[in-house]
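The numbers here are math on the coordinates, done by the rules we state, and not lab data. Model, not experiment: these values are computed from the prediction. So basically every Cβ, Gly included, is an ideal-geometry build from the backbone, and we count neighbours across all protein chains shown.
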RNA sequence: CGGGGUGUGGCGCAGUCGGUAGCGCGCGGCGUUUGGGACGCUGAGGUCGGAGGUUCGAGUCCUCUCACCCCGACCA
């Protein structure tokens, strides 16, 4: 590609309101342009990157038996009604009507469609297992998009779907995807961890996320410093200390003026936070009042609470609502409240004689004990894991890291096949639901994440596997000496003839402009010729990630570049 | 959806007390220059996000509205 004809020019300055390095650099390097909030065009350079990423994905999914296909972006609403998601999913699912006023939706994922196809195409156990996938546009009307391609509303995703006889078959395909995903993310040059995750709106029985570590990540992962445990903070657990063996002491009300926070209470009574019971009040989506009790040194994890209660979500309860159940904000106690679901964390079950509120202003109660003093409706792990907490496997301290979710694998089980009636007949002629799995990678998000992990103050430094071009070629010199330009023209032809992708900066620009653009766009190899190099019949070759360059005779440029590329790619090989 | 912010030429920005819309970069032409974002001359490009209002007069004041960005809520 000749830069003089490249569609999309580089920007010296990015729009002032962008924050993330990847967002800024992808705009400046002419990879993407915004159309609306969370909606982007991929310019030729950006599209080349995404296509390379998708090709790597394709190769690895094909290698585990995937069959590529293509499913529609627009779905009749009925199929989503069948799965129950038409009702269950909020406004991020865009609903509209066609000209005949039929309800339609824009695809945000394709479980329903695969399941519908499976019930038509799969009849016999002889046809399973099966793995299908496509790389296709998704629309999710996020409440808030952010950060360029990191979080968008319209995006392209590779989603694959496995179909199996039983749970054991699903296990195999799940593991296959796990390994394929590890190869994919290694090949594109990402530093990542795999963590256990919540299944969220997908439903199903298990889920793992592939998390690229980045200070700009939206998720927090907890990782054991020994390397034997990693989970998304949404589901992360930690080693709990053994239950206290103190004998229960009698309840004892104590005056605690102005101690409306746990910290104030602990300070006033001169006790550690872990000797207090904190009351947290929620209103569940179902309308139930959820009264949470957790030890004062811990925080509530709402994802865990959602699972424990079966509520879809929570809003903080108002002062009026709290008083209506007989509790007092700031001095809340589960003792004596009515019309509330009482949920206690395991920490409260296992810690005798905690100080709780007394449900009247200015007073707390010592020595509260669930079971004796009040009856919890639910006892569960609803505590948020934090950095420094002990690993649930080995007890070593956990670390917390920010991360970007680049891939996600789900065991759906029979959640969709049962609802939509996707069944097969076994050898005895008995009907069984198909076991399904669902596996996604956002290719655009991967491209932005690679930029987050591979850039410096000058621009992007693409891993060779996904760079828009292998080589940035440029000539330096004035208009009167045509030799550099002619030498570069010749190299351009030679390199292309050898199958190397070249971005040729053939513009009559000064050296600084060309060098800066080459650094900004970030192809892995920079090749330059000038009067100075031609004096010795040489070209200059520099890796984007190195500060030193090498000089090679013109005749050796192609094999040298080929060797360098092979080496760069080898370092990124998935194995 | 809550909180905050920004909308002025392609990009970055200035515009005071309400008085004929500017600067830098970029873009076209000519010339000089030519190894890390050159210089001179010259030129094109703006219904100041939109609507309504106040005023002799609105980029500037008021009301409404739209868009985008950031934080949160939410989210695979």
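Take the alpha-carbon positions of region A:247-294, form their convex hull, and give its projected area averaged over all directions (one quarter of the hull surface) in nm².
Numbers: hull surface 19.2 nm².
The directionally averaged projection comes out at 4.8 nm².
Spin-label point model (7 Å from Cα, Cβ direction): what's the residue A:241 to residue A:136 distance in nm?
The two pseudo-label positions are separated by 5.4 nm.
Hey, fewest Cβ within 10 Å first, where do A:507, A:275 land in order?
Values: A:507 16, A:275 19.
Final ranking by Cβ density, sparse to dense: A:507, A:275.
Can you work out the FRET efficiency for the pair residue A:319 and residue A:572, with r the C-beta to C-beta distance and R0 = 51 Å, to the nearest 0.05?
0.35
To the nearest 0.05, what FRET efficiency results for residue A:428 and residue A:269 with a Förster distance of 51 Å applied to their C-beta separation? Please report the intermediate quantities before stating the final value.
Details: r = 68 Å, r/R0 = 1.34.
E(calc), rounded to 0.05, equals 0.15.
With label points built 7 Å along Cα→Cβ from the Cα atoms of residue A:168 and residue A:100, find their separation and express it in nm.
Taking the two extended label points, one gets 4.7 nm.
Would you report the distance distribution of C-alpha pairs in region A:80-180 as whole percents per 5 angstrom bin, up to the bin with the largest distance?
Final binned percentages: 2, 10, 16, 18, 19, 16, 11, 6, 2, 0.
Given axes a ≥ b ≥ c from the Cα gyration tensor, I'd like to know whether region A:424-527 is rounded (a/c under 1.5), prolate (a/b larger than b/c) or oblate.
Working: a/c = 6.34, a/b = 2.69, b/c = 2.35.
It comes out prolate by the Cα gyration axes.
State, to one decimal in nm, how far the label point of residue A:92 lies from the label point of residue A:252, with both points 7 Å from Cα in the Cβ direction.
5.0 nm
For a quick check: sort A:260, A:315 by the number of other beta carbons within 10 angstrom, fewest at the front. Can you show the working numbers first?
Working: A:260 16, A:315 10.
Final ranking by Cβ density, sparse to dense: A:315, A:260.
Between helix A:483-497 and chain A, what is the angle of the helix's C-alpha long axis to the longest principal axis, kept within 0 to 90° and rounded to the nearest 10?
On a 0 to 90 degree scale, this one is about 60.
Using DSSP, restrict attention to beta bridges with both residues in region A:252-380 and report what percent are antiparallel, rounded to the nearest 5. Could the numbers behind the result be given before it?
Working: 17 of 26 bridges.
Once the DSSP bridges in region A:252-380 are tallied, antiparallel ones form about 65 percent.
Can you give the FRET efficiency to the nearest 0.05 for residue A:11 and residue A:285, using r as the Cβ-Cβ distance and R₀ = 60 Å?
Working: r = 45 Å, r/R0 = 0.75.
Rounded to the nearest 0.05, the efficiency is 0.85.
Quick check for you: which residues of region A:410-452 have the amide N under 13 Å from the point 7 Å beyond the Cα of residue A:126 toward its beta carbon?
A:425-429
From the P(r) of region A:457-511, could you give the percentage of C-alpha pairs in the tail past 13 Å?
Details: 935 of 1485 pairs.
It works out to 63 percent of all Cα pairs.
Given that compact globular proteins tend to follow 2.2 N^0.38 Å, what is the ratio of the alpha-carbon Rg of region A:252-380 to that value? Present the calculation step by step, with values, prior to reporting the outcome.
Working: Rg = 13.4 Å, N = 129, 2.2 N^0.38 = 13.9 Å.
Computed over Cα atoms of region A:252-380, the ratio equals 0.96.
Quick check on the exposure proxy: order A:110, A:134, A:208, A:432 from fewest to most C-beta atoms within 10 angstrom.
Numbers: A:110 25, A:134 18, A:208 22, A:432 15.
Result, fewest neighbours first: A:432, A:134, A:208, A:110.
If each Cα of region A:205-314 is one equal point scatterer, what is log10 of I(q)/I(0) from the Debye formula at q = 0.10, 0.11, 0.20, 0.22 Å⁻¹?
Ignoring solvent entirely, the Cα scatterers give -0.47, -0.56, -1.22, -1.27.
When averaged across all projection directions, what area in nm² does the alpha-carbon convex hull of region A:62-129 cover? Could you put the intermediate results ahead of the total?
Numbers: hull surface 24.2 nm².
Here the figure is 6.0 nm², rounded to one decimal.
Rounded to a whole number, what is D in µm²/s for region A:418-463 from Stokes-Einstein with the Kirkwood radius over alpha-carbon pairs (10 °C, 1.306 mPa s)?
Details: Rh = 14.7 Å.
Translational diffusion coefficient: 108 µm²/s.
Per the Cauchy relation, a quarter of the hull surface: what is the mean projected area of the convex hull of the alpha carbons in chain A, in nm²?
Working: hull surface 135.8 nm².
If I average the Cα hull's projected area over directions, I get 33.9 nm².
Given the C-alpha centroids of region A:386-430 and region A:495-564, what is the distance between them in whole angstrom?
With region A:386-430 and region A:495-564 each reduced to a Cα centre, they are spaced 47 Å.
How long are the semi-axes of the ellipsoid equivalent to region A:469-571, from square roots of 5 times the Cα gyration tensor eigenvalues, in whole Å, largest first? List each step's numbers first, then the result.
Working: eigenvalues 81, 46, 31 Å².
Taking √(5λ) for each eigenvalue gives 20, 15, 12 Å, largest first.
Can you list, bin by bin at 5 Å, the percent of alpha carbon pairs in region A:330-401, starting at 0?
Calculated over all Cα pairs of region A:330-401, the distribution is 3, 15, 19, 20, 15, 11, 10, 6, 1 percent.
What are the semi-axes of the equivalent ellipsoid of region A:340-481, taken as the square roots of 5 times the eigenvalues of the Cα gyration tensor, listed largest first and rounded to whole Å? Don't jump to the answer; show the numbers that get you there.
Working: eigenvalues 559, 236, 37 Å².
Whole-Å semi-axes of the equivalent ellipsoid: 53, 34, 14.
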